[in-house]
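S.K.: Take this structure, written in structure tokens, and hold onto it; I'll ask about it next.
The values are calculated or read from the model by the stated rules, or taken from the named source; none is laboratory data. Computed from a prediction, not measured in an experiment: that's the story for all the values here. A quick note on method: Cβ atoms are made from the backbone with ideal geometry, for glycine too, and the neighbour counts reach across all protein chains shown.
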Amino acid sequence: MFDNLTVTKLGFYVYALVNPLTKNVFYIGKGIDNRVFAHKQEVLENKSEINSLKKTEIKEILDKQLDIQHLIIRHGLTEKEAFLVEATLIDYHNFNYNTLTNEVSGHDSGFYGIKTTDELIRQYNAPKLENLLHNVVIININRQYAKVKNSNNAIYAATKESWVINKNRINELEYALSEFQGIIIGVFKINSWYAAATENNKINNRWGFNGVDAPKEIKDIYLNKSIAHVKKPGAANPIRYNL
């Protein structure tokens, strides 16, 4: 833990958690005071509630009698600067390595995050999607799709599984809309649902769907439309059913 003098000098900062077994960064965050140490403390105090990839990795490190390496990447920042640095590092790291356990992208990442030049042109010219005319599920595929872009098969693969969806709701859903960084980039007709097994079968109640490209008249309603205007900064749930 930081002493009082260090805390007063740090201001806001951006930090990384490093796995000593792999030497890889597995989490990036922003904080003040002793925030950088809080993740480890949460696991130590609530070992029965290991319900995230981050906590799982921390527990595996501690179970081997090792300790997390805590890195302060930049300090002496304002909160606004810390948000910007954090978001930039998360976007860059996930784009190149895709190994972070962060459940939420950086602040305003959906709009200002890494994009190709074509994606930026599309972003600033995409009309707003104002109404949903069908029973749809909008699925954010930022993490799944970021490294395998520009293929309809890749969009479908990133969209089809595996998601926490209310079992009582799935039979009502007609179409799945693939949302990438605030833009609808895929529209699929849902034919059937199946229970999806996740890695190590650690998380239950996840579903995937079998589907095909939606008809042209349906795609024309939703494809290349923006929902950036209805997204809340920092929202963690990749699933939404309305605007």
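S.K.: Out of region 1-49, which residues are in a loop (DSSP other than H, G, I, E, B) and farther than 16 Å from residue 63 by Cβ?
M.R.: 1, 2, 3, 11, 23, 24, 32, 33, 34
S.K.: Just checking, which of 62, 17 is at pLDDT 95 or above and touching a Leu at 6+ places or on another chain (Cβ under 9 Å)?
M.R.: Of the residues listed, the single one that is at pLDDT 95 or above and touching a Leu at 6+ places or on another chain (Cβ under 9 Å) is 17.
S.K.: Residues in region 52-69: is at least one touching a residue at least 24 places away in the same chain (Cβ under 8 Å), more than 26 Å from residue 181 (Cβ to Cβ) and among the small types (Gly, Ala, Ser)?
M.R.: No, region 52-69 has no match at all.
S.K.: Give me the pairs, please: first residue somewhere in region 159-186 and assigned by TED's automatic domain parsing to the domain that holds residue 231 and under 16 Å from residue 228 (Cα atoms), second residue anywhere and of a type in the set (Phe, Trp, Tyr) and at pLDDT 85 or above, beta-carbon distance under 7 Å, and either six or more positions apart or on two chains.
M.R.: From residues that are assigned by TED's automatic domain parsing to the domain that holds residue 231 and under 16 Å from residue 228 (Cα atoms), the pairs are 177/222; 184/222; 186/156.
S.K.: Follow-up. Can you name the residue in region 70-118 that is in contact (Cβ under 8 Å) with a residue 12 or more places away in the chain and among the basic types (Lys, Arg) and, of all such residues, is farthest from residue 231 (Cα to Cα)?
M.R.: 74
S.K.: Filter region 124-182 for residues that are β-branched (Val, Ile, Thr) and touching a helix residue (DSSP H, G or I) at 6+ places or on another chain (Cβ under 6 Å); which is modelled with the highest pLDDT?
M.R.: The residue in question is 139.
S.K.: For residue 82, are the conditions met, namely being within 23 Å of residue 34 (Cβ to Cβ), within 14 Å of the chain's Cα centre (by Cα) and in a helix (DSSP H, G or I)?
M.R.: no
S.K.: Are any residues in region 73-122 basic (Lys, Arg) and over 19 Å from residue 182 (Cα atoms), and if so, which ones?
M.R.: 74, 80, listed by residue number.
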